[in-house]
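Down below is the structure, laid out as structure tokens.
The values are calculated or read from the model by the stated rules, or taken from the named source; none is laboratory data. What you see is a predicted model, and the numbers here were worked out from it, not measured in a lab. Cβ sites come from the backbone with ideal geometry, for glycine too, and all protein chains shown count toward neighbours.
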Amino acid sequence: MSNPYGEALGATLIDRTVRERIVIVGVTLPGSDDEDTDESLDELELLIDTAGADVVARMVQRRDAPDHTWYIGKGKAEELKQLCLAVDADTVVFDNELSPGQQYQLEKLLGRTAIDRTAVILDIFAQNAHTLEGKAQVELALLRYRLPRLRRGTDRKLAQQRGGVGARFGGGETKIEVDRRRIMRRVTKLERDLRELAETRELQRKQRSRSGLANVAIVGYTNAGKSTLLNHLTDAGVLAEDRLFATLDPTTRRLSLPGGEPVLLTDTVGFVRNLPHGLVEAFKGTLEVAARADHLVHVVDASAHDPEGQIQAVRAVLREIDAADVPELLVVNKLDLAPDAAKEIVAEHEDAVAVSAVTGEGIDDFLRALADRLRSVSALVDLVVPYDRGDVLAAVHREGEVVASAEEADGWHLRARLSSASAGRLAEFVVEAVR
């Protein structure tokens, strides 16, 4: 089947036919310090490597506020130009978000492409989107990023783009307006397609909710090991690589907890510091799986340079998608790589557990903790199921945990732990809710 979104996704913001040489720039603003800037630049370097380019130099500056024209000020911009010449850089990437005007002025001065962290993340997402919905979401975010950056024959990077999305810029205001209209038409179509896909996903969600199974979403910083954990628990076969944003599309699998009760476990897209708001908006349909979950499994990389900072970054995104109130179990992963750090994080966070999704160490403790958490939000109920309703008996066993059963004259008498959805659906057989 042909891919209706592929043509625009072939045009990303970093040229992957060669390994571009990149200079990265970070600005320390009030409220942060030089160490924060260095850590963020280290992460930006990983993002750029994931996108398929090489960082050959970096520049930092302290400012009270961004310069409205060049972000870093004219003098520092001239210094940056000389650095680019010295290292033969193809592109400059700012860790801070550039306005379209700042990007335009920097490219004029530097004589080379200038983009920001947002563009790099968009580029990575464009590489890794595989489903129709994922590709549509990424293309929508890319077009929204490009639209305010249309300029007359001066934007070299955008002038290289292909694929029916306002590709070749230049030729005057009339051409720009034509390109803008084409992009807006494409944006409108993508928004409509995503609404239809969201409706389909909502139907699927309702079917799952009717099953009465608890929904558990795995969230966490990119490369924390979410997909590896899902694979270990369910043999899901999800791509799990040691790189950022290896998977974008949610995958749901059934998992049986130690008490026998089944749950639905869903892997989600990884988060990152300063995740572009436009990308969050475009991916809200996918990210809403976290907001609608009964419980979150928040996976943390114990071997990361700043795991606490990553925890806070994930929680910031959860707040943005209205998932901050969903109960959360913190799971500290990569116990095999950083055992001391893992134990320190567990000690600092109540009820956290440490695991290795690769070796399986700590997985049993994690499953018991998750089962205990889910039981705390379920209820014990007594049911009487007639002998001719074997389907109901099977549903109780499938959807909950039967803790006692007896055969009486009028049918099976069961005491079971059920979610509120299951108890409601089986209400005609419920005799009493056990306090």
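General observations
- Exactly one residue among Asp95, Asp179 is modelled with pLDDT of 85 or more, surrounded by 16 or more Cβ atoms within 10 Å (Cβ to Cβ) and under 18 Å from Leu275 (Cβ atoms), and that residue is Asp95.
- Residues of region 53-79 that are surrounded by fewer than 18 Cβ atoms within 10 Å (Cβ to Cβ), in contact with a Leu (Cβ under 9 Å, 6 or more places away or on another chain) and part of a helix (DSSP H, G or I): Lys74, Glu78.
- Any hit, region 141-153, residues being of a type outside the set (Ser, Thr, Tyr), at pLDDT below 80, in a helix (DSSP H, G or I) and crowded, with 18+ Cβ neighbours inside 10 Å: no
- Every listed requirement among (1) in a helix (DSSP H, G or I); (2) at pLDDT 90 or above; (3) out of contact with any Lys or Arg (no Cβ under 7 Å at 6 or more places or on another chain) is met by Tyr104 save one, (3).
- Those residues of region 73-85 which are out of contact with any strand residue (DSSP E or B) (no Cβ under 6 Å at 6 or more places or on another chain) and either more than 11 Å from Val23 (Cα to Cα) or not assigned by TED's automatic domain parsing to the domain that holds Val55 (or both), in sequence order: Lys74, Gly75, Ala77, Glu78, Glu79, Gln82
- Contact map, region 223-241: residues that are surrounded by fewer than 17 Cβ atoms within 10 Å (Cβ to Cβ) paired with residues that are at pLDDT below 85, Cβ distance under 6 Å, separation 6+ or inter-chain. Pairs shown: Leu239/Ala246; Leu239/Thr247.
Results for (1) within 20 Å of Ser419 (Cα to Cα); (2) of a type outside the set (D, E, K, R), shown as yes or no for each residue.
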{"site": "Ala357", "(1), (2)": "no, yes"}
{"site": "Asp364", "(1), (2)": "no, no"}
{"site": "Ser376", "(1), (2)": "yes, yes"}
{"site": "Leu383", "(1), (2)": "yes, yes"}
{"site": "Pro386", "(1), (2)": "no, yes"}
{"site": "Leu393", "(1), (2)": "yes, yes"}
{"site": "Glu399", "(1), (2)": "yes, no"}
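- For the residues Thr12, Thr17, Thr50, the requirement of being among the hydroxyl-bearing types (Ser, Thr, Tyr), at pLDDT below 90, part of a helix (DSSP H, G or I) and in the same structural domain as Gln105 (by TED's automatic domain parsing) singles out Thr50.
- Flag if Val384 is outside any helix (DSSP H, G or I), farther than 14 Å from Val263 by Cα and at pLDDT 90 or above: yes
- Members of region 347-366 that are among the aliphatic types (A, V, I, L, M), assigned to a helix (DSSP H, G or I) and out of contact with any Leu (no Cβ under 8 Å at 6 or more places or on another chain): Ala347
- Applying a threshold of 8 Å to beta carbon distances and a minimum spacing of six or more residues, or different chains, the list of pairs starting in region 114-125 at a residue that is within 14 Å of Gln102 (Cα to Cα) and at pLDDT 90 or above and ending at one that is surrounded by fewer than 24 Cβ atoms within 10 Å (Cβ to Cβ) and basic (Lys, Arg) reads Ile115/Lys157.
- The residue that is modelled with the lowest pLDDT, among those in region 199-219 that are crowded, with 16+ Cβ neighbours inside 10 Å and of a type in the set (A, V, I, L, M), is Leu213.
- Members of region 346-355 that are within 18 Å of Leu296 (Cα to Cα) and free of Cβ contacts under 8 Å to residues at least 60 places away in the same chain: Val346, His349, Glu350, Asp351, Ala352, Val353, Ala354
- Selection count where residues are at pLDDT 90 or above, within 25 Å of the chain's Cα centre (by Cα) and not charged (D, E, K, R), scope region 28-39: 1
- Among residues of region 280-336, those that are free of Cβ contacts under 8 Å to residues at least 40 places away in the same chain and among the hydroxyl-bearing types (Ser, Thr, Tyr), counted: 1
- Ala341 falls short of the stated requirement of being assigned to a helix (DSSP H, G or I), touching a residue at least 24 places away in the same chain (Cβ under 8 Å) and either in contact with a Leu (Cβ under 6 Å, 6 or more places away or on another chain) or outside the structural domain of Asn223 (by TED's automatic domain parsing) (or both).
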